[in-house]
Amino acid sequence: MTIPLPTLLVLGGTSDIGMAIADSFAQQGWTIILAVRDLASGRRNSADLEIRRQVPVRAVAFDIIDRERHRAFLDELGELPDAVVCVVGLLGEQVRAQVDAEHASLIMRTNYEMPAIFLGLVGERMRARKSGLIVGVSSVAGERGRRSNYVYGSAKAGFTAFLSGLRAALRDDGVRVVTVKPGFVATQMTAGLALPKPVTAQPEEVARAVQRVARGGPTVIYVRPVWRLIMIIIRLLPEPIFSRMKS
Amino acid sequence: MILSGWGNYPRLNTRFSTPDSPAAATAFVRKLAADQSCTIGRGAGRAYGDAAIGSDLTTSSFRLSRMIDFDESTGLLNAEAGVRLHQIIDTFLPRGFFPPVVPGTSFVTLGGMAAANVHGKNHHKHGGIASFIDSLTLVGADGQPIVCSRTENQVQFWATLGGMGLTGLITSVRLQLRRVQTDHVVQRTIVAPCLDAVLAALATYKDSTYSVAWIDGTATGASLGRSLLFLGEHATMEDIPQTLRQQPFGWRPGRGRALPVDLPEIVLNPLTIKAFNAMYFAKGVRAPESAILPWKPYFFPLDAIDGWNRLYGRRGFLQHQFVVPKAAGRDALGEVLERVAARASASFLAVLKLMGPDDCGWMSFPLEGYTLALDFPVSEANLSLLDELDACVVRYGGRLYLAKDARQSRRTLEAGYPALDAFRSLRRDLGADRAFSSALSSRLEL
């Protein structure tokens, strides 16, 4: 009899961080499901992973914004995955979001409402099964609203808080919930931004960090340790000073 | 942004674009055509000179990094153009496959290897990478992707292999991998005290799969051309020690080193270069004749030092690699080495190889004969020395490798590449002359 390999579901399987996480789990022999909006891009990634890592990988079409589909999507997967990683996110444009309510709403729904509702659903099913791992990739932008990205930041703040509560709710049922706040990462989303190199992680570093805490250890992680320090300082700044900061 | 090749010379300004996928790259070329703008593909930036710097815009294959399919039974790999050689080795060597041809670094991309028709230590036996490319996808000036192979779009196929990206953007390559039994190589070292001796040794051992000679470019007089000839064969199960047979693909590289800064130019001067070469030769003479090496130190010794090009300082360096027909070999090599020595200039690295018949690519470099590669720091004196060497190469019916070139003249190019006129008119016919342009193609009016 063969022991079935654990399965990982990645929401946002065409993102750089999602692909890096999928790759690191595939290297450990996990079966991978990439949930993607654009199936052609998803299949491009699944073929690549399958060739390189020789594990079963499949891409499935899924748009987290489509709430009606959440339950059916999980049902259609068959077995509930052993781990679910959510790297869905939309940076959007802050200035546009200030005048365009539709855009602001899309940023909020993509970064908070829909991932939270979906992971909540996953959490309930994992609770029934008495095991599972949920990893939510949130952001340091959620720790304090900055003028340059507070629509995105506020949504991530909500997501971080949701994950924190979910973790508490599921801890006695054998379900582990991890929050990742990666700081700057060199990805498609940040391409073109001038990011300071010493505090900017590569997607593979995020994947390694997730891998490290998959089975135990801290449940809230920054990828580069320096970010813990940066965020302590940012949280400690008095509001009158913080609100004068240009970025 | 400012871009340069591996030699850090020249450094040129170009716009830069990194499409996300082959589909995005295709759409990008189509849009360029509509805008009457032009570009050139760039892989890992390991061409030494100005081949992968766009005269206006450079399109990077960095994100075309996915493998598309692999047939374990035949060893045929189809992958996007930005996939790097070391990724292919990491993925397939544990399964018993090795790339059929490898250049001196594993950091190159598939697309770059096809565009330059790279050769390796086995050219005399197996030919260049072109011989193992089954097909490739090319996005031409009209922005339409076409599959080119020996049976389909043959003209574009042969013009693209060695065509330095000037026929279109290569988005994927289908490559035949070679089966090997282990991840080690059996190396034999032959000491050759002079040029005649090394040429004789190259002939004697022409059936060896891999062969390459390191020449002491600083030796003169009776020792002119003294060399160490390194022969290699993929090790079989019988070749490797009992302890390795449990895991014939179990070797893992250690951590490499990096050269974090540009060294001051004074570090590499004729004296230090002479001392290094003498030491290296002496070490080779003392070394055992036969040794078993893992693949990496055998094929890619310089890859262990990240950023070794900084050895030459900020001004950069020039690599001069030429090939001369076999019959002219002895005279041409002797003259070049003497000229280098006479100018009191010194090449830190000099590498000699036997080449087999050419690979049919229109602008492919290989030619049946000998190829010699020399490195020089950039200076006025060395630039004029290289002009002198070019004249000598042309006189003997040879030519220069475009993947290494940063400075040859149009006349040198025209003398060496008989298919050049056909290549130029093909570019015009395909509209590629307006859509694909690099600093190299502008300089040489390719």
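What follows draws every value from the coordinates through simple rules; no lab data is involved. For clarity, every value in this text was computed on a predicted model and none was experimentally measured. Cβ atoms come from the backbone with ideal geometry, glycine included; neighbour counts cover every protein chain shown.
Before moving on, here are some points about what is shown:
- Taking label positions 7 Å along the Cα-Cβ direction at both B:GLN247 and B:SER379, the computed distance is 4.9 nm, reported to one decimal.
- Converting the Cα gyration tensor eigenvalues of region A:7-242 into ellipsoid dimensions via √(5λ) gives semi-axes, longest first, of 27, 19, 19 Å.
- Computed from Cα positions, the angle between helix A:114-129 and the longest principal axis of chain A comes to roughly 40 degrees.
- Relative packing of B:291-304, A:76-89, which averages over residues the other C-beta atoms within 10 Å, highest first: A:76-89, B:291-304
- Length added when fully stretched, B:LYS125-B:PHE16, from 0.36 nm per residue minus Cα-Cα: 35.4 nm
- Compared with the dominant principal axis of the Cα atoms in chain A, helix A:150-170 is inclined by about 50°.
- Counting Cβ atoms of other protein chains within 10 Å of each Cβ in B:61-69 and taking the mean gives 3.
- Residues in region A:20-52 reached by a label modelled at A:ARG208 [backbone nitrogen below 16 Å; 7 Å Cα→Cβ]: A:20-25, A:27-28
- Charge tally for B:ASN8 (other residues, Cβ to Cβ under 10 Å; Lys, Arg +1; Asp, Glu -1): +3.
- When the pairs A:LYS197/B:LYS404; B:LYS206/B:LYS296; B:LYS31/B:LYS404; B:LYS296/B:LYS326; A:LYS181/B:LYS31; A:LYS130/A:LYS156 are compared against a 26 Å limit on Cα-Cα distance, A:LYS197/B:LYS404; B:LYS31/B:LYS404; B:LYS296/B:LYS326; A:LYS181/B:LYS31; A:LYS130/A:LYS156 fall above it.
- Taking label points 7 Å from Cα along the Cα-to-Cβ direction, B:ARG330 and A:LEU5 give a separation of 6.0 nm.
- Packing-based exposure ordering (other Cβ within 10 Å, fewest first) of B:THR18, B:THR236, B:THR171: B:THR236, B:THR18, B:THR171
- Compared with the dominant Cα axis of chain A, that is its longest principal axis, helix A:226-236 is turned about 50°.
- Size of the protein assembly as shown from its Cα atoms: along the principal axes, largest to smallest, the extents are 84, 61, 54 Å.
- Cα centroid separation, region B:425-446 to region A:202-247 (Å): 50
- Using the Cβ-Cβ distance between A:MET231 and B:ASP35 with R0 set to 41 Å, the FRET efficiency from 1/(1 + (r/R0)^6) comes to roughly 0.40.
- For B:PHE436, the amide hydrogen comes within under 5 Å of the amide hydrogens of B:THR39, counting only partners 5 or more places away or on other chains and with H modelled in the peptide plane.
- With contacts taken as Cα pairs under 8 Å at a separation of at least 6 residues, chain A carries a relative contact order of 18 percent.
- Qualifying trypsin sites (Lys or Arg not before Pro) in region B:1-74, where qualification requires a DSSP coil assignment and no more than 14 other C-beta atoms within 10 Å, comprise B:ARG11.
- Peptides B:80-88, B:274-282 ordered by packing proxy, namely the average of other Cβ atoms within 10 Å per residue, highest first: B:80-88, B:274-282.
- Distance from region B:226-255 to region A:75-111 (C-alpha centre basis), Å: 51
- Residue (of B:GLY162, B:ALA79, A:GLY78) at the positive-pole extreme of the protein assembly as shown, dipole from beta-carbon charges: A:GLY78
- Separation of the A:ALA191 and A:LEU121 label points, Cα + 7 Å toward Cβ, nm: 3.1
- For chain B: relative contact order, % (alpha-carbon pairs under 8 angstrom, 6 or more apart): 20
- Extreme residue, positive dipole direction of the protein assembly as shown, given options A:SER148, B:ASN122, B:LEU136 (C-beta unit charges): A:SER148
- Backbone geometry of region A:12-28 corresponds, through the Karplus equation with coefficients 6.51, -1.76 and 1.60 at θ = phi - 60°, to 3J(HN,Hα) couplings of x, x, 9, 6, 5, 5, x, 5, 5, 5, 4, 5, 5, 6, 4, 4, 8 Hz, x marking Gly and Pro.
- Sequence-separation-based contact order of region B:1-138, relative, with Cα cut under 8 Å and 6+ spacing, percent: 19
- Of the trypsin sites (Lys or Arg not before Pro) in region B:163-220, the ones in a loop by DSSP (not H, G, I, E or B) with at most 13 other beta carbons within 10 Å are B:LYS206.
- Sparse-neighbourhood loop sites, GluC sites (Glu not before Pro) in region B:203-303 - DSSP loop, at most 16 other Cβ within 10 angstrom: B:GLU238, B:GLU289
- Using only side-chain charges placed at the Cβ, +1 for Lys and Arg and -1 for Asp and Glu, the dipole size of the protein assembly as shown relative to its Cα centre rounds to 1800 debye.
- Dipole of chain A computed with +1 at Lys/Arg Cβ and -1 at Asp/Glu Cβ about the Cα centre; of A:GLY13, A:THR190, A:GLY216, farthest Cα towards the positive end is A:GLY216.
- Taking the Cα centre of chain A as origin and assigning +1 to Lys and Arg Cβ atoms and -1 to Asp and Glu Cβ atoms, the resulting dipole is close to 800 debye.
- Taking amide hydrogens as placed 1.01 Å from N in the peptide plane, the amide H of B:SER135 sits under 5 Å from those of B:ARG174, each at least 5 positions away in sequence or on another chain.
- CD proxy at 222 nm, helix term only [per DSSP H run n ≥ 4: -39500 (n - 2.57); per residue of chain B; nearest 500]: -8500 deg cm²/dmol
- In order through region A:211-224: 3J(HN,Hα) via Karplus (6.51 cos²θ - 1.76 cosθ + 1.60), integer Hz, x for Gly, Pro: 4, 5, 9, 5, 9, x, x, x, 10, 10, 10, 9, 7, 8
- Given charges at beta-carbon only (K, R positive; D, E negative), |dipole| of chain B in Debye: 660
- Region A:118-194 and region B:1-48: distance between their alpha carbon centers, rounded to Å: 37
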